[in-house]
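So the structure is just underneath, and the comments pick up after that.
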Amino acid sequence: MIRFGPSGNSESFYEQGYKSSVDMPAWLNELGLNAYEYQCNRGVNLGKSTAERIGTEALRNNIFLSIHAPYYVNMASPEEEKRTKSKRYIIETLTAAKWMGAKRIVVHMGSYSKVDRKWAVEIAKEGLAQVIKEADQLGLNDITICPEILGKNNQLGSLEEILYLCSSDERLIPTVDFGHLHARGQGSLNSPEDYDCILDVIENSLGIERLTNLHCHFSRVEFTKGGEKKHWSMDDTIYGPEFSHLAQIIYKRKMEPVIICESRNKMAEDALKMKKIYEEIKGC
Ligand SMILES: [Zn+2]
């Protein structure tokens, strides 16, 4: 089953008077969506009881939950202490996911400013293996870690790097952020065939099952020479990429990904637009 939902809470959710993410699952279900990526991007600050309430609501409203781990995770920091802390943040995110019943967590691997690229990838791979081992010991192994493709050139997270990292353990699923790929490639996604090529690379590297169940982020993105600059909404049509191109390929390949919309302020509204584009292509 293909799923659509927002990353975090739309402006309109608050404008309608809602204050707590506990109300999001019902709000999303009412809108016609079935996924929700809870944001811990500034830290894992939610308590067990709130997490459990979000989880109960999600179950009741058929919402697939994922959590975005803190942005400041850097598995390739030159400082060992920062790498150790980063591993702890991932374990904290997994713990919150366990409370919530979230199936996946999205993690930024970090950056390779000040360090050698090859070293960065290898140290991140080592760190990930340690996190997986610890998660197993803590009974957190039913939650999938999804390392994300990142949009800036100095971030550890090109398509090749993320596939390499995910190849190290069959339980890892990549978060393919198509806006980031587009930005990193200086506007490289311009046709359905461009997406088909990317998905071929993923299938060849990780196999059909992980491709089918991919975790995706999508939004229009503005970029500079350094890569990603700013996320925009579906109405900001001067920026790419186009969701309809991806939707055609997802349908053609019979994929069942989770698609999280990261549009500026209108992530839920735009996730719904994307769902409608997909359903139109599917003919239902
Ligand atoms: Zn992210």
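The values are calculated or read from the model by the stated rules, or taken from the named source; none is laboratory data. These figures come from a predicted structure and were not determined experimentally. Cβ coordinates were reconstructed from backbone atoms using ideal geometry, including for glycine residues, and neighbour counts include every protein chain displayed. Heavy atoms of the whole protein, side chains included, go into the accessibility calculation; ligands, DNA and RNA do not. Shrake-Rupley method; radii C 1.70, N 1.55, O 1.52, S 1.80 Å.
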Filter the range 28-56 for residues that are touching a residue at least 60 places away in the same chain (Cβ under 8 Å) and away from the ligand (no atom under 16 Å from the Cβ); the one that is farthest from K275 (Cα to Cα) is L28
Exercise. Do we have any residue at all in the range 234-250 that's under 15 Å from the mean Cα position of the chain (by Cα) and either surrounded by fewer than 24 Cβ atoms within 10 Å (Cβ to Cβ) or more than 14 Å from I149 (Cβ to Cβ) (or both)?
Worked result: no
The condition from (1) modelled with pLDDT under 95; (2) in contact with a Ser or Thr (Cβ under 9 Å, 6 or more places away or on another chain) that D116 misses is numbered (2)
Considering the range 59-70, residues that are open to solvent by less than 20 Å² (accessible area, probe 1.4 Å) and within 14 Å of F4 (Cα to Cα), and then whichever is nearest to the ligand (Cβ to nearest atom), we arrive at S66
*If we scan the range 209-229, do we find a residue that is of a type in the set (A, V, I, L, M) and in a helix (DSSP H, G or I)?*
yes
Reported set for the range 128-167 where residues are closer than 27 Å to M100 by Cα, open to solvent by 60 Å² or more (accessible area, probe 1.4 Å) and in contact with a Lys or Arg (Cβ under 9 Å, 6 or more places away or on another chain) is Q130, E134, L138, N141, D142
Residue set L128, L163, L172, L181; condition more than 23 Å from I249 (Cβ to Cβ) and either away from the ligand (no atom under 15 Å from the Cβ) or in a helix (DSSP H, G or I) (or both); output residue L128
